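Okay, so here's the structure we're looking at.
Derivation of every value follows stated rules applied to the coordinates shown; laboratory data play no part. This is a predicted model, so every value here is computed, not measured. Neighbour counts run over all protein chains shown; Cβ positions are idealised from the backbone, glycine included.
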Amino acid sequence: MYFVIKQAIEIPEAELLKMYRMRYKVAVEQWGWNIPTAKKGLDKDQFDTRFTTYILVYNLNSEMVACGRLNPTVQPHLLSEIFPHQCEFSGVPKGKSIHEFSRFIVDASKLTHSQQVRLYLLVCLVATEYAISIGLKQLTWLTNKSKYIKSIVVWKTRPLGLPQHYPDDDAEYIAAIMDTTNEAVRRLRRFCKLEGPIPLSDIPICDSAQAA
Amino acid sequence: MGTGVIMGKNITEDGLLAIDKIEHTETLEAALAAFKVFVSMYGFNSVAICQLVNPMLIDLESPPIFITDWPDKWKEHWWSNDYMQHDPIILFLLKSRKPFSWATAYQYASKFGKKILEDSRDYSFNDGIAFPITTGIGPMGCVSIGADEVPFDPQVLAMIEIVSINCYMHIVKLNGNEHEYTMAKLSKRENEIMHYVAEGKTNWEISKILGLNEYTIKDYLKNVACKLNTVNRAHAVSTAIRNGLIIA
């Protein structure tokens, strides 16, 4: 697997398009998310900005298999603009040391269940290592109950509000805040059977060449 | 901001405080006690936390969790009569992803299941609610709490559910059974067989090397496929190598 973490402006447009396409395929077509801004096979919204940092994961065939999005909470982001009602306990957390983690997508069609579980953890690990490296203390996210449960295993996780049911998706979502600590990194490395940091790669060259 | 005051208490503050207290505990019993303090403020008088595992799929480092504050007599009665296999709450848990009341489980229970819940009333288990802890692949456990009368305020129940989830996962962490995230280990024999498979040997060849029946080898490999969630021989080998279960 190749793990890439880059800011939006460092990523070629072709790769961003691939990511928007994968997000649409998984989130809209498979999970049935109702995303008003998603159209023409692309999931791109107002929070895909120049301030956004992306995690992109490619398999050995240079196919994109997972992605995640990190937005500074001092800028408009999903929780502040669309889902503030999910943070009823004490408001939407904002600050320089807090980023929002969203659009965490793993393309299950290319992976077995055990590969998905492992990749899920690897993306959590790479996000946590990156967050610590740039001085972030916490990540927020809006997630379903099942992923909230998983996040507790990984990070110290607190709810920001009660779960709310969305009839269009027939799912309950909960906003949460997680501490990005060295303890979380240790736990994730143990789960992934890794002893050191995940090496970060550049975008696989042959893939970009094909896209171009 | 914040949810309202209910039953003269602030459920948000109580819930968040309970999560903090639970996460500072270092034993299963202390975590259970901290959780009980929270739910008893809302009229609940018993707690049971259990972990569901499929022993075919999972090698646990320690036994599955089953902790309760039940009276010793009821605990003994429950175990000695093998109620685990028939308890309507556990059976209903397998098909419900949402919290359900004990009364609902009773409705769908077998005759024997109904008897279990009726017996439990002798120990003051009149009603209660069960919170399934489910992930994408199904139920992994349950937090079940009893009360004379279940409070049906949705805000209270929603907060109790969140505290239950945090408590359950903390207990799982304490017990070292985070099986959702760790691949099942292969047994010594399975490991040995996978080494020969990785070397390209056939089932017949492996059976001769190990002095076992060829069908036994097939059975071992079926178990390996089940544990690793793989579809064929090559897939099993590559998955086992990738996950460090065998060394290439």
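Charge dipole of region A:2-211 (Cα centre as origin; +1 on each Lys and Arg Cβ, -1 on each Asp and Glu Cβ, all else neutral): 500 debye, rounded to the nearest 20.
Taking the DSSP beta bridges in the protein assembly as shown as the whole, what percent of them are antiparallel, to the nearest 5? Just about 95 percent of them are antiparallel. Over region A:2-211, the hull volume per residue, using the convex hull of the C-alpha atoms, is 118 Å³. Averaged over the residues of A:115-121, the number of partner chain Cβ atoms lying within 10 Å of the residue Cβ comes to 3. Report summary: the helix-based calculation at 222 nm, which adds -39500 (n - 2.57) for every DSSP H run with n ≥ 4 and divides by the residues of chain A, gives -9000 deg cm²/dmol.
How large is the charge dipole for the protein assembly as shown, taken about the Cα centre, if only the Cβ atoms of Lys, Arg (+1) and Asp, Glu (-1) carry charge, to the nearest 20 debye?
Numbers: 49 positive and 51 negative charges, 224 e Å.
Dipole size: approximately 1080 debye.
Taking the DSSP bridge list for region A:69-212 and keeping only pairs wholly inside it, about 85 percent are antiparallel. Distance between the pseudo-spin-label points of A:Ser62 and B:Ile209 (7 Å out from Cα toward the beta carbon): 3.8 nm. What does the charge count around B:Lys73 come to, taking other residues whose C-beta lies under 12 Å from its C-beta (Lys +1, Arg +1, Asp -1, Glu -1)? Net charge in that neighbourhood comes out at -3. When a/c is below 1.5 the answer is rounded, else prolate if a/b is larger than b/c, else oblate, so apply that to the protein assembly as shown with a ≥ b ≥ c taken from the square roots of the Cα gyration tensor eigenvalues. Verdict is oblate for the protein assembly as shown. Put simply, the amide H of B:Gly141, placed in the peptide plane, has neighbours under 5 Å in B:Leu52, B:Ile133, leaving out anything fewer than 5 places away on its chain. Across region A:2-211, the mean sequence separation of Cα contacts (distance under 8 Å, 6 or more residues apart), normalised by length, yields a relative contact order of 22 percent.
Quick one: net charge of B:Lys36's neighbours, Cβ under 14 Å, K/R +1, D/E -1? Please list the in-between numbers first.
On the way: positive: B:Lys21; negative: B:Asp14, B:Glu29, B:Asp69.
Net charge around B:Lys36: -2.
Over 24 Å between Cα atoms, which of A:Lys94/A:Lys193; A:Lys137/B:Lys9; B:Lys36/B:Lys98; A:Lys94/A:Lys156 qualify? Those over the limit are A:Lys94/A:Lys193; A:Lys137/B:Lys9. For B:Lys218 and A:Met1, the FRET efficiency from 1/(1 + (r/R0)^6), where r spans their Cβ atoms and R0 equals 35 Å, is about 0.60. Amide H to amide H distances under 5 Å link B:Ile65 with B:Gln51, where only residues 5 or more positions off or on other chains count and H is placed in the peptide plane. Taking the Cβ of B:Thr104 as the center, what net charge do the other residues with Cβ under 12 Å away carry, scoring Lys and Arg +1 and Asp and Glu -1? Combined, the nearby Lys, Arg, Asp and Glu give +1.
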